[in-house]
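One structure below.
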Amino acid sequence: MRGVRRLQVAATRALRRPETLRGAVALATGRLQTRALSSGHSYRSVNALYDGQDYSRQVEKKFSELSGKEPWEPAVEHLQNIKESWLGPQPTLNELVREDVPLARSLFRNVLQRHYPKDMGMMYVLMIEGKDRHHFEWKAGNYDLARMIFSKASRISFDAELWTSWASMEMETKNLLEAKRLFKVILATDPSNAMAGLSMALWEVEAGHPDEAREQFLALLETHPNDVVLLQAYGVFEAKSQHVGLARNIFERAVSHPQATGQVWHAWAKAEFDAGLYKNALAVIDRAFRTFPTHKWLILLGAMAHFKLDDVYEARRAYRRLIDGGFFVEPSAYNSYAKMEEELGNEEFAMGLYVEVLEQHPDHLPSLMSLAILHKKRGHLRNARKVFENALKNLQHTGPALHAWGDFEEQYGDLENARELFDEATKQQPTSIASWRALARVNARLGNLEAARAVITMGSQHFPNDTPLLIELAKIEQRSRRFPAARAALEKALKLDPSEASIWNMRALLELPLDPERARILVENALAVVPEYEKTSWSILMCTYGRTFAALGDFQQAVAAFQRSFKLRPKNWETHLIYAESVLAPNEAWGEARKHLVAARKLLPRTDKRRASVTRKLHAVEAKEKQQLAAQDDEEHEDDDDHVDESS
């Protein structure tokens, strides 16, 4: 069971969460203690680190008992040299992998590979243990070296877990065709392999085949009805498919399992959070804390939910609990905390957090982008670019960082720079569909339409499902006012994925300014095939439905459609904006329009650049409302004067 849990974590980001709180290495401990003393915050003693290691051992031992497998360990004499520098009294190889990556890598290359050259247990720890904890060749971006190690190990003997890990790495790098080939090798050898079956379901999700994925999940649940990892994965899938009610039932079943971990609770809380149900997320987290009071991913998600509910005190308290806790701090915790402080206007403090996390994790792309944007907002474009330049010097696998820099240049810098960066990113990571879409988009914005179309064609060769590329092509053609070509691209995409609400919505919006009646029919066709449990999709489609009625002059039907949209998803800022512009403004209902624009602005984060546009529209509506009120006052005064004249 442990092997299934660990390997499927690698297959999807939604399941990739550490199970234990890791103790920090000595250097990190000193840095945390120094920072805590200087800032007046309390800190954990070194004994807390021993406690953390003991907890890790207990969890590891428990999973070994459940799965019937013991973690592979070398002979004691091969660990003698590390005992002197180790914080705990009895170091293990698995702890070393978690706590001190350079020392672990040195031990593997200089000692273990000499003494255990064909030991599958050693190979497994080298590739899997290191990977799960963001270490070693896989997560360091050394994919070619990782493939070489996988290939070498696979020739020693067939091991399903090893092959599943290899395929999971290929899926993580978006090399979907190779991942599918590897999974099929496993299933051809062992058709009843649950790990490979679950991995194939996740592959279908990644490839954009939700119906096939659901069939795979249901088939697996028939043969493995009590597999907690399978239940968790299926719950995450249904939640992402907007079937929140069903996902909630699946998670309830999963957390009642005796082997349910904090990761399962986190997946449930994250599903509620992503659906905008922040109070529900906190309720799930409160239940989880009864069993897992120190689970750092639950603490982090709780902080984010508190901030969404405007409870800054509790949010800040949770973030400080994470950072001052004395254990290893995930970069996402720093980044989330910094984003909150930046949104609250504490830019200096936020910048300090971004710098701190990048000193420890130079490859953390969200923090790279956030720090660069903050520099640009302060008018320091050169400093922003320096952030990316410094990061590239320290990274071996530069594809994601190049793509992030390209995103920054596209939004805030120079389009030609963005084109060059995206072009290099597609060479570094040819299986990243986002890089191909971005390169095509920037070429189109530069006026190179033929180059943009050529990029779409080249990119489609790397993916089993080119629906995202067809959507990008449709956007490019629509911006160029080549409506027949845009229509053809969307029709082709709908043939590949006929129940995808976003494609139907784009198709209707394409027709809206040209033929509102045809757009209305398209929305009705979409509502007939998109499942009703996809509340977000239905809310967006009802918003477009209201726009079609407004364009046709039927404002009564338009209001009804928008009210249905608000009922499904009341916190979508775009719906408030569109309702104000398409229905209320044409009918000069300036007071109601003002209320909806205020709601739209409030729902947008303070750092969102679209907020300025909403604010301008709000000021224009407020001016119209004042004029309307003034005109009404004048009419009332005229009526009063008429009454005076009549009485006299």
Quiz item: Can you tell which of Asn525, Gln627, Val559 lies farthest toward the positive end of the dipole of region 514-633, using +1 and -1 charges on the Cβ of basic and acidic side chains (Lys, Arg; Asp, Glu)?
Solution: Gln627
Practice problem: Any chance you could run the full-extension gain for Leu177 through Phe349? It's 0.36 nm times the residue separation minus the Cα-Cα distance, nm to one decimal. | Solution: 57.5 nm
Practice problem: Compute the label zone of His380 within region 345-359: residues whose backbone N is under 17 Å from the point 7 Å along Cα-to-Cβ. | Solution: 346-359
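When ranked by the protection proxy of mean other Cβ atoms within 10 Å per residue, highest first, what sequence do the peptides 469-475, 161-167, 243-249 form?
161-167, 469-475, 243-249
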Practice problem: Under 1.5 on a/c is rounded, so check that first for region 554-609, then, if it is not, pick prolate when a/b is larger than b/c and oblate when it is not; a ≥ b ≥ c are the square roots of the alpha carbon gyration tensor eigenvalues. | Solution: oblate
Self-check item: Exposure proxy ranking, count of Cβ atoms within 10 Å, fewest first, for Lys184, Lys296
Solution: Lys184, Lys296
Practice problem: Sticking to Cα atoms, compute the Rg of region 226-329 to one decimal and its Dmax as the biggest Cα-Cα distance, whole number, in Å. | Solution: 13.6, 40
Quiz prompt | Cα-based Rg / Dmax (Å) for region 469-523 | solution = 10.2, 28
Quiz item: Roughly speaking, what is the stretch gain from Arg253 to Ala631, that is 0.36 nm per residue apart minus the C-alpha to C-alpha distance, in nm to one decimal?
Solution: 129.9 nm
Exercise. Assign unit charges at the C-beta atoms only (+1 for Lys and Arg, -1 for Asp and Glu), then state the dipole size of region 579-640 relative to its Cα centre in Debye, rounded to the nearest 20.
Key: 1180 debye
Quiz item: Rg(Cα) of region 514-633 divided by 2.2 N^0.38 Å?
Solution: 1.13
Quiz prompt | Unit charges at the beta carbon, dipole of region 188-251: most positive-side option, Val205, Leu230, His243 | solution = His243
Practice problem: Please work out the Cα center distance from region 533-612 to region 210-260, rounded to the nearest Å. | Solution: 34 Å
Quiz item: To the nearest 20 debye, what charge dipole does region 514-633 have about its Cα centre, counting +1 at the Cβ of each Lys and Arg and -1 at the Cβ of each Asp and Glu?
Solution: 700 debye
Quiz item: If each residue's Cβ is checked for other Cβ atoms within 10 Å, how do Arg317, Arg564, Arg507, Arg441 rank with the fewest at the top?
Solution: Arg317, Arg564, Arg441, Arg507
Exercise. Sort region 370-417 into rounded, prolate or oblate with this rule: let a ≥ b ≥ c be the square roots of the eigenvalues of the Cα gyration tensor; rounded if a/c is under 1.5, and if a/c is not under 1.5, prolate when a/b is larger than b/c, oblate otherwise.
Key: oblate
Exercise. Work out, in µm²/s and without decimals, the Stokes-Einstein translational diffusion coefficient of region 381-448 at 10 °C, 1.306 mPa s, Rh from Kirkwood over C-alpha pairs.
Key: 134 µm²/s
Self-check item: Order of His257, His364 under a 10 Å beta carbon neighbour criterion, fewest first
Solution: His257, His364
Quiz item: Using 7 Å Cα-to-Cβ label points, what is the Leu527/Arg321 separation (nm, one decimal)?
Solution: 4.5 nm
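Each value in this text was obtained by applying a stated rule to the coordinates, not by laboratory testing. What you see is a predicted model; the values in this text were computed from it and never measured. Ideal geometry is used to build each Cβ from the backbone, glycine not excepted, and the neighbour counts take in all protein chains shown.
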